[in-house]
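Colleague: Below you will find the structure I want to go over with you.
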Amino acid sequence: MIADVKDIQLNLHQTLIMPYKNIEIRQDGPVLILTINRPAQLNALNKETISELSSAFTEAEKNESVRVLILTGSGDKAFGAGADVKEFAHFAKEQGRELSAEGHRILFNKVESLGKPVIAAINGYALGGGLELAMACHIRIAADTAKLGLPEVTLGVIPGYGGTQRLPMLVGKGRALELILSGGMIDANEAFRIGLVNSVVAPTELLNVCTELALRVSKNSPSAISAAIKAVNAFSNYSKDGFEEEINAFASCFETGDFIEGTKAFFEKRKPQFAG
């Protein structure tokens, strides 16, 4: 029988993994916490940090002991305060194209399509690339002190890591254009009101709330969760028939051990023990 969330939290085996320069990784049982660790730069996303995050997400997807990921920023000021402007201030058109395309390929699209749920714990400023990264995550929970925005137009550019596409999907075209064209910030409560974040909590409770949610999710079938993410993502991909994707993903579940275990547990009136 699986213990409840509080019991699981008390018995977590916590492991700190530190192979990177700009991010910190900690595994608590089935939950992997990725922390962008550039507090002096308000956790801005430079190329090195994007590369490290990409590698970390790739490794996490391969690691069968990891069921859910939480992404946050170090300190209490910022989740991620945009991209590092110093890296692209001198770029020409083709360099800008390469910067955007590479970011999409190695990190932002990877996070969105990851077969394991990613929860963004927005602990402070989530601006520009930082907000774009949070939007690529599957679920967003914000501290009530968080500020969110896409200020790129104030620099003479537009969001280049998926912001013009993911924001309208979350909040609608009109609100997205208002945020993007004004370049302004909104607070966490407004972000919740318009659907940009799932919930708002006190800063001291942010990681606890995210961890409790991650633990609840981690008890469910990994193969079914992966199929659900794939099917839901098809909704926003105009090159795909979302209903057909759902049908195919639904059908694929019937070939998994998790389905056999889930249905067996149902008939035996017990909690399932999913292996993934």
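Colleague: Just to make sure I understand: if all protein chains stay in place, what is the order of 185, 169 by accessible area at 1.4 Å, largest first?
Modeller: So the residues, ranked largest to smallest area, are 185, 169.
Colleague: Ratio of alpha-carbon Rg to the 2.2 N^0.38 Å globular estimate for region 69-194, to two decimals, please.
Modeller: 1.00
Colleague: Another one. How much length is gained if the chain between residue 95 and residue 62 is pulled fully straight, taking 0.36 nm per residue apart and subtracting their Cα-Cα distance, in nm to one decimal?
Modeller: Working it through step by step, the gained length comes to 8.7 nm.
Colleague: Residue separation times 0.36 nm, minus the C-alpha to C-alpha distance between residue 170 and residue 265: what's the value?
Modeller: Answer, rounded to one decimal: 30.6 nm.
Colleague: If one computes P(r) from the Cα atoms of region 164-213, what percent of pairs lie at distances over 18 Å?
Modeller: Above the 18 Å cut-off, region 164-213 has 38 percent of its Cα pairs.
Colleague: How large is ³J(HN,Hα), in whole Hz, for each residue of region 41-53 in order, when computed from phi with the Karplus curve 6.51 cos²θ - 1.76 cosθ + 1.60 and θ = phi - 60°, using x for Gly and Pro?
Modeller: Here the 3J(HN,Hα) series is 9, 6, 6, 4, 8, 8, 4, 5, 5, 4, 5, 5, 4 Hz.
Colleague: Rounded to the nearest percent, how much of the accessible area of region 126-240 (1.4 Å probe, protein heavy atoms only) is carbon and sulfur?
Modeller: Heavy-atom surface of region 126-240 belonging to carbon and sulfur, 1.4 Å probe: 58 percent.
Colleague: Something else: Determine the sum of side-chain charges near residue 201: Lys and Arg each +1, Asp and Glu each -1, restricted to other residues whose C-beta is under 12 angstrom from that of residue 201.
Modeller: So the environment of residue 201 carries a net charge of -2.
Colleague: Across region 33-119, how many lysine pairs, 8 or more apart or on two chains, come within less than 25 Å at their alpha-carbon atoms?
Modeller: Pairs that pass both the separation and distance tests number 11.
Colleague: Related question: So which aspartates and glutamates can residue 219 reach, going by Cα to Cα under 15 Å and dropping same-chain residues fewer than 8 places off?
Modeller: Answer for residue 219, where 15 Å is the Cα cut-off: 4, 7, 28, 64, 258, 261, listed by chain and number.
Colleague: Also, I was wondering about something else. Given 4 °C and 1.567 mPa s, compute D for the chain with the Stokes-Einstein relation, Rh being the Kirkwood radius over Cα pairs; round to the nearest whole µm²/s.
Modeller: 67 µm²/s
Colleague: Right, another one. What fraction of the Cα pairs in region 39-91, stated in percent, has a spacing above 14 angstrom?
Modeller: Within region 39-91, distances greater than 14 Å cover 61 percent of Cα pairs.
Colleague: Now for a different question. Mind checking the per residue accessible area of the chain for me, 1.4 Å probe, whole number of Å²?
Modeller: Accessible surface, normalised per residue, equals 52 Å².
Colleague: Could you order the peptides 202-210, 88-96, 260-268 from most to least packed, using the average number of other C-beta atoms within 10 Å per residue?
Modeller: Most protected by this proxy first, the peptides run 202-210, 260-268, 88-96.
Colleague: Here's something else I'd like to know. Label residue 113 and residue 236 with points 7 Å out from Cα along Cα→Cβ: what is the distance between them in nm?
Modeller: Each label point lies 7 Å from its Cα, and together they span 1.4 nm.
Colleague: Kindly provide the helix-only [θ] at 222 nm of the chain, computed as the sum of -39,500 (n - 2.57) over DSSP H runs of four or more divided by all residues, to the nearest 500 deg cm²/dmol?
Modeller: About -13000 deg cm²/dmol.
Colleague: Mind ranking 137-148, 172-183 by how tightly packed they are, going by the mean number of other C-beta atoms within 10 angstrom, highest first?
Modeller: Ranking the peptides 137-148, 172-183 by packing returns 137-148, 172-183.
Colleague: Pull out the extension gain between residue 87 and residue 204, defined as 0.36 nm times the separation in residues minus the alpha carbon to alpha carbon distance; nm, one decimal.
Modeller: Roughly 38.8 nm would be gained on extension.
Colleague: Over region 132-173, with a single point scatterer placed on each C-alpha, what log10 of the ratio I(q)/I(0) does the Debye formula yield at q = 0.15, 0.25, 0.33, 0.34 1/Å?
Modeller: -0.41, -1.01, -1.22, -1.23
The values are calculated or read from the model by the stated rules, or taken from the named source; none is laboratory data. None of the values given here were measured: they were computed from a predicted structure. Counting neighbours? That spans all protein chains shown, and the Cβs are built from the backbone with ideal geometry, glycine included. These area figures cover heavy atoms from the full protein model, side chains too; ligands, DNA and RNA do not enter into them. Shrake-Rupley method; radii C 1.70, N 1.55, O 1.52, S 1.80 Å.
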